[in-house]
Each structure stands twice: as C-alpha cells, then as structure tokens.
Amino acid sequence: MSEVSVKSLFVSLLLIGLVASTVVISSRAQQSDVLTGNWAAASPSNDGYVRKAYFNLKQDGEQITGTIRATQFFYKINKSTGGPDGFTLEASMMDGKSERKVTYEGKLVGNELQIGRRNRPDQPITFQTAVRAPEGEGAMPARIEPPPLRKVQYNGLAKTPPMGWNSWNKFAGRIDDATVRGIADAMSKNGMKEAGYVYINIDDTWEAGRDAQGNILTNTKFPDMKALADYVHKKGLKLGIYSSPGPNTCAGYEGSYGHEEQDARTYAAWGIDYLKYDWCGARILYTDEEMPAVYQKMGEALLKTKRPIVYSLCQYGRQDVWKWGPDVGGNLWRTTGDIRDTWDSMTNIGFRQNELAQFAKPGHWNDPDMLEIGNGGMTDAEYRTHMSLWAMLAAPLLAGNDLRNTTPATIEILTNKEVIAVDQDKLGKQGRQAWKSGDQEIWTRPLSGGATAVAIFNRGKEEAKMSVKWADLQLANKKVVRDLWLHQEITTAGLEYSVTVAVHGVVLLRVK
C-alpha cells in the first residue's frame, strides 16, 4: 500500500471515530433528561372510577428528582440510581411527620414508562404503564387556609352511642348498591333492627369525580344514591356515607376538599343520615394542629343543611381529638388506628381506652372502631369479650360482618339486648378499669337508676377462677346481681362472688 493510501485510510478511520464519538455524546446528551416530565399511570377500577398516580420527574444526568402523588399520598424523591434503561427512586412523605417511605423501580420503553412499587420484599413488582401528561395535571391543589376556630353548635343527635353496620371490615372496596340493599333486608329480619341497630354506613370507594358544577358523583357501583337511601329508609333504617377533608380519600377516590358545603348539601339531598369523615388525604395539606379547624368546616356545613346527620370524626386519635371533638360538631371520634379481626388487635385497642372515660357523654362518644364480630378471626368467646368491652366503653356498635350470611351464634352475640342496654345506658358514663392482676381485669360502669355494670375479663390463655370483692367496688349494699350472657339472676351470698372465666372470656354482670 502506498504512503498516500495509508494516510488516506488513517484519515478516514479518524473521521469515522470522530463521527461515532459525536453520535455517542449526542445520544448521552439526549438521555440525560429524557425522563424529565409529568408521567401519569392510570388504574381503572371495575366501578368506572380511574385512579391515577403522577410521577413529576426531573432528570439531570444520573440524578432524578421530583415528586410522586399516589392515592392520598404525596412523596418527595430524595434518592435515585440508574437512568432510562433502569432506575430506582426512593421517596418519603411530604407531610413532614410521617416516616412512610416508598421505593419505585422503572424503565423507559419506547415513549412509555414502566414503573412499579414492591409492596413486600417477598413479592414481585407489579409494573404500571405511565404516559406523558400535561404539565400541572395531578398537581396538588392550592392550600386553602383553615378558618378561625369557633364552637359548632351541638346537633342534638347520638344521645346514646350510634348502632348500625359499616361496610369496610368485610367488603372494603367491593361494597355496592346491591350489597347495601341486602344488608338492609337482613337487618330488618334478623332481629338487629329490633335490637337497636339503625345505621347502614357505606365506607370508602363509592365516589367518582365531579360534574362541571363541582357536584360529587357516584361511580357505577352506586347508580342512584337517592334511590338507595329511599330503600333503606323504607326499611325503617338510616343510611350513612364516607368522605375525607382532603383532595382524596384513603383509597384514592374523590375527597371533599374545597367542596365541604357543596358535598354536605348533596348528602342532605340524597337523604344521608350519617357521615364518617376520614383524615387520610388531608395530611398532605394540613398539620395535625390544624385538624380542629379543618373538621370544623364540615361540622358547620352539615348544620347548614338543616338535616340531622351524625358526624363521625375519623383521625385515629391524633391531636387528642377527645378534647376538641365536640367543639367542631363531632358526635363521635376515633381514638385509635384501624381494628383487625384478631384477639391482639381488639384487646390492644379496647383495654387502652381507660383514660378517656371522662370525655364520653350523651351526644359525644369515644370510638374505638367498628366491631369485627362474625368475621371469623376470633372465637365466639372472644367475640363476647369484644361485645362486652365495647358495651362497657359506651362505644358505638357498628357491626362489620356480612349480615346476609351469618351464624345464629353471631346474631345472638350482636343482639344480646341486656348487653346492648349497658352500651346504650342513658346516663352516658364510660366504664373504667377497677382492678387488674396480670391477665385478669375487672371493669365497672355506672348505669342509670343506681345500677352498675361489672365486667370480669380473663385475657389469659387458660381458664381462671376470679373473685369480685364487692366492698372493693363500693358495691357492698348490692341487692340484685344478674349475669347478662347467661340471662339469669345469680346467688351472691357473702362478701365476694367467685366465678370461672373461660380463656379470653368474660362474665358481664348488672348489679343494683
């Protein structure tokens, strides 16, 4: 090969290399911000409502920052690894207090983002497809400043703890019109209505979006809420509904944020009798210290409708709600996190209510959450303890099982009129712990007419012989003692009463 040819070949190779390098550099430049933008991942439900998660990302080379909004949660991305071919995002809640953190994994496939979150370490990631959305779509709405605090007038309702049924424990997002009608039919026939259960409460996932005028809409599971309320009312029962002071509910459906008065008017027009108002989605806009003012808005809105609607505050006992719940119009307020259908969950919640007794009174009740009786996670003895403890606590009695398919034993527990009479006692005094030794406890509750309820609890794993010393309970002058589960008078000669209590069981007495 001639010297000229060698030089020519060298120059050609050099040019090819330069071109290739330019292409690589150009490609890298294009990749350095290809993830930047607003991405939306849609999750259609069988009720016609489409929930969306928004990933507002900014890519700067190998660093990805931004925010994630999913259901009622709003996260800030604080760490990332990788790029378009595969990346990981670590994010934390933006409410400044929650320690909730999430990790997403994703990659760019064509013009779409495949992204997902691992719910548990032993589970695979379920990926969703996210597409580019207009800038600003899915952004958090502007914060509305809460109003100045002022006392909301008492609505005159719930003079005894509300009784009824709620959909969440058994059905969660599967609740629909047909199920509610079936529950109403069952309650009107199985003795629950006669025993005092009145409210049928629809929990989360009934909502759709809003119409052009901002009116809240129902999804396809509830085609006509007014007609459903009419059906329930004809059974001699009442209908309850659910919402949140935030933009979204716990399950990511439409909340009442910025539409409090409008939604209250809609509920009244439908014929709603009870509202459960769940904090969930509000925590991304408001602090716990602002809770009273935020709940006050809906309390005032419900009063303005002139319809009697029981107001149930659901914010898990945060910010000592029992101290301000009545002042914002609340008839009852949750004192704990969510109950589960287990002995440990039920007892951990129920036996921790002792210090709150002073805050319960007619029209205003501590709410340790709904009943799990009949859902299958506990024995009948444990369910009797559940029912007895809630009665001693003057707690709302909201059944949470499928009343269309239940056992006679469950109905017997739920409809024990003597136990219900303790819960519904018009004096409105909550019971307290009077004695405790290891796994054994005795609680007392003053009742109207000078009577006293005495609950003997055995939280242990073996049956136990327990004794009630009447003088210690200031009941030395007892005249009549009745066992409310055996439905019989008992002989109590002497200074004390001894009885064998089953494993995780209870003996509930009425003394007068």
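The values are calculated or read from the model by the stated rules, or taken from the named source; none is laboratory data. None of the values given here were measured: they were computed from a predicted structure. Cβ placement follows ideal geometry from the backbone for every residue including glycine, while neighbour counts extend to all protein chains displayed.
What to note about this one:
- Taken together, A251, A264, A282 contain a single residue that is crowded, with 24+ Cβ neighbours inside 10 Å, under 19 Å from the mean Cα position of the chain (by Cα) and closer than 21 Å to C314 by Cβ, which is A282.
- One residue alone among A184, A172 is out of contact with any strand residue (DSSP E or B) (no Cβ under 8 Å at 6 or more places or on another chain), of a type in the set (A, V, I, L, M) and modelled with pLDDT of 95 or more, and that residue is A172.
- Residue in region 344-388 that is nearest to S312 (Cα to Cα), counting only those that are touching a His at 6+ places or on another chain (Cβ under 8 Å) and not in a helix (DSSP H, G or I): L371
- Hits in region 272-320 (condition: assigned to a loop (DSSP other than H, G, I, E, B) and closer than 22 Å to T205 by Cα): I272, D273, W279, L285, I309, Q315, Y316
- Residue check for W443: under 34 Å from the mean Cα position of the chain (by Cα) and not in a strand (DSSP E or B): no
- Pairs where the first residue, in region 174-188, is outside any helix (DSSP H, G or I) and the second is polar (S, T, N, Q) and surrounded by 17 or more Cβ atoms within 10 Å (Cβ to Cβ), C-beta under 6 Å, 6+ apart: I175/S167
- In summary, G377 fulfils each of the numbered conditions (1) crowded, with 17+ Cβ neighbours inside 10 Å; (2) closer than 30 Å to G460 by Cβ; (3) touching an Asp or Glu at 6+ places or on another chain (Cβ under 8 Å) with the single exception of condition (1).
- Each residue in region 225-238 was checked for being part of a loop (DSSP other than H, G, I, E, B) and in contact with a Phe, Trp or Tyr (Cβ under 9 Å, 6 or more places away or on another chain), and 1 of them qualify.
Okay, residues lined up against (1) surrounded by 12 or more Cβ atoms within 10 Å (Cβ to Cβ); (2) in contact (Cβ under 8 Å) with a residue 12 or more places away in the chain; (3) under 23 Å from G82 (Cβ atoms); (4) touching a Ser or Thr at 6+ places or on another chain (Cβ under 9 Å):
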site	(1), (2), (3), (4)
D95	yes, yes, no, yes
S98	yes, yes, no, yes
L108	yes, yes, yes, no
R118	yes, yes, yes, yes
Q123	no, no, yes, no
E135	no, yes, no, no
M140	yes, yes, no, yes
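- Filter result for the condition that a residue is under 25 Å from the mean Cα position of the chain (by Cα) and within 19 Å of Q358 (Cα to Cα), over A399, A391: A391
- The single residue among G209, G138, G214 that is part of a loop (DSSP other than H, G, I, E, B), under 23 Å from A251 (Cα atoms) and touching a strand residue (DSSP E or B) at 6+ places or on another chain (Cβ under 7 Å) turns out to be G138.
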